[in-house]
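Here the structure comes first, spelled out in structure tokens, and everything after it is commentary.
No value in this document is a laboratory result; all are computed from the given coordinates. Note that the structure is predicted; figures quoted are calculated from it, not measured. Every residue, glycine as well, gets a Cβ built from its backbone with ideal geometry; the counts of neighbours run over all protein chains shown.
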Amino acid sequence: MLAGPSCIGKGPLYHALKNFYPELADNLKQIVLYNDRDPRPGEKEGVDYYFRPRAEIEQLAKQPGHVSADVRGDLQCLEVASIERILEQGKDAFFEGNPFIPARLRESGALKDIPTLTVYLSPLSKDEINYLKAPEQRVDLAAFLTDVQRRKLLRRTTRQKTILSLKDLQNIEKRAASAIVELHHGWKFDHVIPVHDGEDSENWNAFYYPIGDARKALFAFASLLVGKIPPGVEKWDEGLVPV
């Protein structure tokens, strides 16, 4: 499972894995969730999500064998049997998204008999969080993190759409404000990879070869997939990020 706040770089990391570590990516088959939001430019039905009306997803969520969560205002739902179908194909089921659905899966006990690897991408390292939390810095961590993610989201959405609507701006604010809540879940994951190059960064693909933190995150994720823990990968303690 690969999770983290909106615009942290989960999608570019997965695409980079397919480009530079195809032997690892080929064994991953992505889990497709239901989502009630509209598709973003370039997203495909049945590949990125199953895009459905909210009322339809609400009915699905009531059925046995489904877990759902409100994700930054979007209603998402996962059919647990879809994981089992992937495993029966001899593939590893790959989740890429928010930390709320993995939390629901853990609570449901659906994965208790399945070996898992959980990785969290964070826009701040443990050291940076502790530095910003220190009383002498007089920093509001939630406001600071919201601004960091707001800028990433603004750059990404402007690149996608050029002209932003009021709805776009409201969505950006909602996603940016959710980051502090989502980082609070980081301690529940096996590993945390700090990455300052979000989806807004050119470092993922503008030069073909990833550079900067994008390259470090790619190397770290590939290493974790083969059972190695490279330098820079963190394990967080509960309470590191207060809510």
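Where in segment 164-243 are there GluC sites (Glu not before Pro) that are in a DSSP coil and have at most 16 other Cβ atoms within 10 angstrom of their Cβ?
Taking segment 164-243 and a limit of 16 other Cβ atoms within 10 Å, the loop GluC sites (Glu not before Pro) found are Glu238.
Under the rule of at least 5 residues apart or a separate chain, name every residue whose amide H is placed under 5 Å from the amide H of Ile31.
Here the answer is Phe94, Phe95, Glu96, since their amide H atoms fall under 5 Å of that of Ile31.
In the structure shown, do any of Lys126/Lys228; Lys167/Lys235; Lys18/Lys174 have a Cα-Cα gap over 25 Å, and if so which?
Those over the limit are Lys167/Lys235; Lys18/Lys174.
With a 10 Å cut-off between alpha carbons and a GNM built on the chain, which of Gly186, Gly227, Gly11 moves the most?
Gly227
For segment 189-197, take each phi angle, set θ = phi - 60°, evaluate the Karplus expression 6.51 cos²θ - 1.76 cosθ + 1.60, and give the result in whole Hz per residue in order, putting x for glycine and proline.
Per residue, the Karplus-derived 3J(HN,Hα) values read 9, 4, 9, 10, 10, x, 9, 8, 8 Hz.
What is segment 2-225's relative contact order, in percent, from Cα pairs under 8 angstrom and six or more apart in sequence?
Numbers: 323 pairs, mean separation 63.0, N = 224.
For segment 2-225, the relative contact order is 28 percent.
Taking the Cα centroid of segment 1-39 and of segment 128-197, what is the distance between the two, rounded to the nearest whole Å?
Here the two parts' Cα centres lie 19 Å apart.
Would you look at the GNM of the chain, springs on alpha carbons closer than 10 Å, and say which of Ile83, Ile163, Ile129 moves the most?
Ile163
Give, rounded to the nearest 20 debye, the magnitude of the charge dipole that segment 100-158 has about its Cα centre when Lys and Arg contribute +1 at Cβ and Asp and Glu contribute -1 at Cβ.
Magnitude of the dipole: close to 280 debye.
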